[in-house]
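The values are calculated or read from the model by the stated rules, or taken from the named source; none is laboratory data. Because the structure is predicted, anything quoted here is derived from the model rather than measured. Note that we place each Cβ from the backbone using ideal geometry, even for glycine, and neighbour counts take in every protein chain shown.
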Amino acid sequence: MKKLLSGLVLLNALVFGAPLAHADNGPDNLLTKSEFAERARKAEALAERVKRVNAYQAQVKKLQFNSGEWERRGPAVQIPELDANAAGAALALLIGGGLVLVDRRKRQARAATAV
């Protein structure tokens, strides 16, 4: 895109001639402080718009249109997976821990009634 624009500018300069620029230091070409401040304010506003457009374009690049919905692209978040093979072991630990706690309470209840 940049090469295309550069080529068009060069073609324009060759066809229509180079733009004439001359430096005349006469009092007619000097800017007043208020005019300079106004141009500076406009330049800052334009720079701020360009920043916002670039930020918006960066956000759009992170989105992807997939089957009718926008999805976020980028680094994948690591989500722990539930392993189906470990479900049996987890259930056995849960039941065994519950039985140990029940047995401990029974022993504590017997010891309390025996005293």
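Considering (1) among the aromatic types (F, W, Y); (2) at pLDDT 70 or above; (3) exposed (fewer than 10 other Cβ atoms within 10 Å of the Cβ), the lone condition that Y56 does not fulfil carries the number (3). Within the stretch 24-34, does at least one residue satisfy the condition of being modelled with pLDDT under 80, over 18 Å from the mean Cα position of the chain (by Cα) and on the phi > 0 side of the Ramachandran plot? Scanning the stretch 24-34, I find no residue that is modelled with pLDDT under 80, over 18 Å from the mean Cα position of the chain (by Cα) and on the phi > 0 side of the Ramachandran plot, so the answer is no.
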